[in-house]
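What follows is a single structure, written as structure tokens, with notes after it.
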Amino acid sequence: MKQPLLRAIPVALVLAAAAMGASAQAANAPAVPATTVTSPDGRLQIQFATTSGGPAGTAGWLVYSVRFNRQPLINNSSISLTLQGQPPLGPDVRLLQATPGSGVDDYTPVAGKAAHVDDPYNRLALTFTEPQAPGRTLAIEARAYNSGIAFRYIVPRQSGLDGYQLQQEDIGYSIAKDANAWALELPNFLSPYESEYIPLHVSALTSQSHVLIGLPTLMQVPGVGWMAILEAGLEGDAKAYLTVPAHGCRFCLRSEISPRKDGTGPAVTGALPHASAWHVILVGNEPGRLLESNLIDDLNPPNVIGDTSWIHAGKASWNWWSGDAGPNDTPDTASAARGDFPMTTATIKYYIDFAAQSGLRYTLIDAGWSKQNDILEPIPQVDVPALVQYANTKGVKIWLWIHHNAAVKQMDAAFPLYEKWGVAGVKVDFIQEDDQPGVAFYYQVAKLAAAHHLMVDFHGATPPWGLERTYPNVLGYEAVLGMEYNKPGARDTPLHRVRLAFTRMLAGPMDYTPGGFRNVTQAAFTPRNRFPMVQGTRAQQLALYVIDFVPIQMVSDAPSAYAHQPAFQFIKDVPAAWDETRVLDGFPGNDITIARRRGRDWYLGSITDWDARDERIPLSFLGGGKYTAEIYEDASDAAENPEHVTIRHQTVSASGTLTVHLAPGGGCAIHFVRR
């Protein structure tokens, strides 16, 4: 019988404890309670303290530390925030009260990487106060899960503060050793997060005078374990980055909140009480354990939109990748030399027909369907209402691309119009801001879209933070150097794709847009805007449909690229949302193998960098029974001819092992069909 859920102590009790603590200042300070919370499996621990050099209970700088398997992972690291017109809050505080608790995050995602989530945690609510004037109060809520720890600070209502006006926060990360890091260095706070994750030591980052690093950031702490720094639950807040502390510290980083885009006022404003975003540290013995975690979603509020029967994960045909190529267009046609092919109603019908014939749920109509800066009016050549009706007759639904700037001005009118037309979803592009108003935009879009039964895919975006749990109509985010980068250059490589799986994908759904079938070697690759090439093998492109998780998955190439190609069957079969996820093996930048289950069937994707590998895959994840393994792997000559795929069938069971050969830049995709 299922045990009843353990309920978490709500934030209201944290605030009540803070109020009690503030009123206790006039009395003798109570005995200092426990300041440590440990994960249910006992392996992960976060501790809070005040560093004063004096006896326990005296005032000092508020710090936290993290241990994994009894070894230090993060040494004492500061927690401090600066409110406008106030001295920093955190350097001189005393612990007044600590309230332990426990709970379980128990929910069913609408379109996730697991059919059901049941994540127990232990928690601790802490109240700190300044012993000297101005005598402010600060609360901390911390949770320890088996897959990571999370904490946030809460500024309660109190005398002397009229509201919450955050200039900057200083959450430190004093890494216990010089960790190997995979970091996304960004030029500024207005980036689409479209760059490479570069491997280097933490000391290489901290040796710079200034660096801006996007989250998530992956680290391997030698002899201790793997960890990733992220955040969750950003409503009412601004995005955090990592940078270098002002004081010298060999292995230290600190958070930096995105300032307002307009350069005015505090970074974050609001009423009191105010709870910050969750600062999250995923932890595991292996990097794959971090990918299996649901912690980011756990730390967001439950579904607020009610009925989700209209929300469906699925794959989409897409006109943009090949430049709106029609049924008679090839890379050699004269029209290709004049730029992208013209977008017309007839061209989009071609992509709708392809979706219907291939069993794809959606067709995405990308940029160019509407008048410039006007998402209410289609151009004369593209009859969107007629296309929606045509798609309906084929069992296909339509998504529309819209620009962020137009959405800001027109979504109040556009979303009801799209609902009237029968549009299924919107792809909102070129957001590129994650200050407090920028983060608020994501919530505004999600809420308004849900009210009009529209799903959402954010592009030119910030990496996810769990918004999709609260608004399940949000199916995708870009925030990645994806396959589109094959058009202008050679930055999208097999090496890059392996790194993405261990880094960017930690945050949540990643719309990389796989499916390129014009596969070439590194030497033969030439960037081009129409009918783009992709580096690496076709089998690797198949495997990405399992490796890369996003519930709105593009089938990116032109329909002509898939015609008469037996390997396309795997793309037709593979789901876009999952009941179970297992990371079987891999190392960032080398290779990765992931198995995912949908219903009775399993799917497996394995990819490598530019090094050929023989992967030995134990099949214990299959459980009982026999399966037919439909194996799509690099052909024996795939190193020279990357388009070549061998398809074979084999009867397997959980007691067996499969060995597959991955060519340079190669992969393998397997559909395990339960017999």
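The values are calculated or read from the model by the stated rules, or taken from the named source; none is laboratory data. Quick caveat: nothing in here was measured; it's all calculated off a predicted structure. Using ideal geometry, Cβ is built from the backbone for each residue, glycine included, and neighbour counts are taken over all protein chains shown.
All conditions but one from (1) within 18 Å of Gly112 (Cα to Cα); (2) outside any loop (DSSP other than H, G, I, E, B); (3) of a type outside the set (A, V, I, L, M) apply to Glu419; the one that does not is (1). Screening the candidates Glu235, Glu286 for the property of being under 26 Å from Tyr121 (Cβ atoms), surrounded by fewer than 20 Cβ atoms within 10 Å (Cβ to Cβ) and in contact with a helix residue (DSSP H, G or I) (Cβ under 8 Å, 6 or more places away or on another chain) yields one hit, Glu235.
Which one is farthest from the chain's Cα centre (by Cα), of the residues in segment 515-543 that are part of a loop (DSSP other than H, G, I, E, B), of a type in the set (Gly, Ala, Ser) and surrounded by 24 or more Cβ atoms within 10 Å (Cβ to Cβ)? Out of the qualifying residues, it is Gly536. Filtered by the rule that a residue be in a loop (DSSP other than H, G, I, E, B) and closer than 28 Å to Thr493 by Cβ, segment 598-625 gives Asp609, Trp610, Asp611, Ala612. Those residues that are at pLDDT below 95 and in a strand (DSSP E or B), I need them from segment 50-75; list them, please. The answer is Thr50, Thr51, Gly60, Trp61. Reported count of residues in segment 104-118, each being surrounded by 18 or more Cβ atoms within 10 Å (Cβ to Cβ) and farther than 25 Å from Ile547 by Cα, is 2.
Are any residues in segment 650-675 among the small types (Gly, Ala, Ser), surrounded by fewer than 23 Cβ atoms within 10 Å (Cβ to Cβ) and either under 30 Å from the mean Cα position of the chain (by Cα) or not in a loop (DSSP other than H, G, I, E, B) (or both), and if so, which ones? The answer is Ser653, and nothing else. For segment 22-42, the count of residues that are assigned to a strand (DSSP E or B) and modelled with pLDDT under 90 is zero.
If I filter segment 243-250 for residues that are touching a Lys or Arg at 6+ places or on another chain (Cβ under 7 Å) and closer than 23 Å to Ile229 by Cβ, do I get at least one hit? Looking through segment 243-250, at least one residue is touching a Lys or Arg at 6+ places or on another chain (Cβ under 7 Å) and closer than 23 Å to Ile229 by Cβ. Scanning segment 604-622 for residues that are of a type outside the set (Asp, Glu), within 19 Å of Thr657 (Cβ to Cβ) and either over 21 Å from the mean Cα position of the chain (by Cα) or not assigned by TED's automatic domain parsing to the domain that holds Gln522 (or both) yields Thr608, Arg613, Arg616, Ile617, Pro618, Leu619, Ser620, Phe621, Leu622.
For segment 454-502, the set of residues classified as surrounded by fewer than 24 Cβ atoms within 10 Å (Cβ to Cβ), without any contact (Cβ under 8 Å) to a residue 60 or more places away in the chain and of a type in the set (A, V, I, L, M, F, W, C) consists of Ala490 only. Screening segment 364-396 for residues that are in contact (Cβ under 8 Å) with a residue 40 or more places away in the chain and charged (D, E, K, R) and picking the one that is nearest to Ser322 (Cα to Cα) gives Asp366. Annotation note: of Val583, Val546, the sole residue that is part of a helix (DSSP H, G or I) and either touching a strand residue (DSSP E or B) at 6+ places or on another chain (Cβ under 8 Å) or modelled with pLDDT under 95 (or both) is Val546. When Glu185, Glu196, Glu169 are checked against the criterion of being of a type in the set (Asp, Glu) and under 24 Å from Ala142 (Cβ atoms), a single residue qualifies: Glu169.
Okay, residues lined up against (1) in contact (Cβ under 8 Å) with a residue 40 or more places away in the chain; (2) buried (at least 22 other Cβ atoms within 10 Å of the Cβ); (3) among the hydroxyl-bearing types (Ser, Thr, Tyr):
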{"site": "Ser191", "(1), (2), (3)": "yes, no, yes"}
{"site": "Gln208", "(1), (2), (3)": "no, no, no"}
{"site": "Leu212", "(1), (2), (3)": "yes, no, no"}
{"site": "Ala240", "(1), (2), (3)": "yes, yes, no"}
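Residues in segment 242-277 that are in contact (Cβ under 8 Å) with a residue 24 or more places away in the chain and of a type in the set (A, V, I, L, M): Leu242, Val244, Leu253, Ile257, Ala267, Val268, Ala271, Leu272, Ala275, Ala277. Filter segment 375-410 down to the residues that are over 16 Å from Ser317 (Cα atoms), surrounded by 22 or more Cβ atoms within 10 Å (Cβ to Cβ) and touching a Lys or Arg at 6+ places or on another chain (Cβ under 8 Å) and list them by number. Passing the criteria: only Ile402. Among strands (runs of 3 or more DSSP E) entirely within segment 166-280, having at least 1 residues that are in the same structural domain as Ser80 (by TED's automatic domain parsing) and either over 23 Å from the mean Cα position of the chain (by Cα) or farther than 27 Å from Pro88 by Cα (or both) singles out 180-185, 198-201, 213-221, 225-232, 252-257, 268-270.
Look through segment 592-616, keep the residues that are under 20 Å from Pro509 (Cα atoms) and charged (D, E, K, R), and return whichever of them is surrounded by the fewest Cβ atoms within 10 Å (Cβ to Cβ). Once the filter is applied, the top-ranked residue is Arg598.
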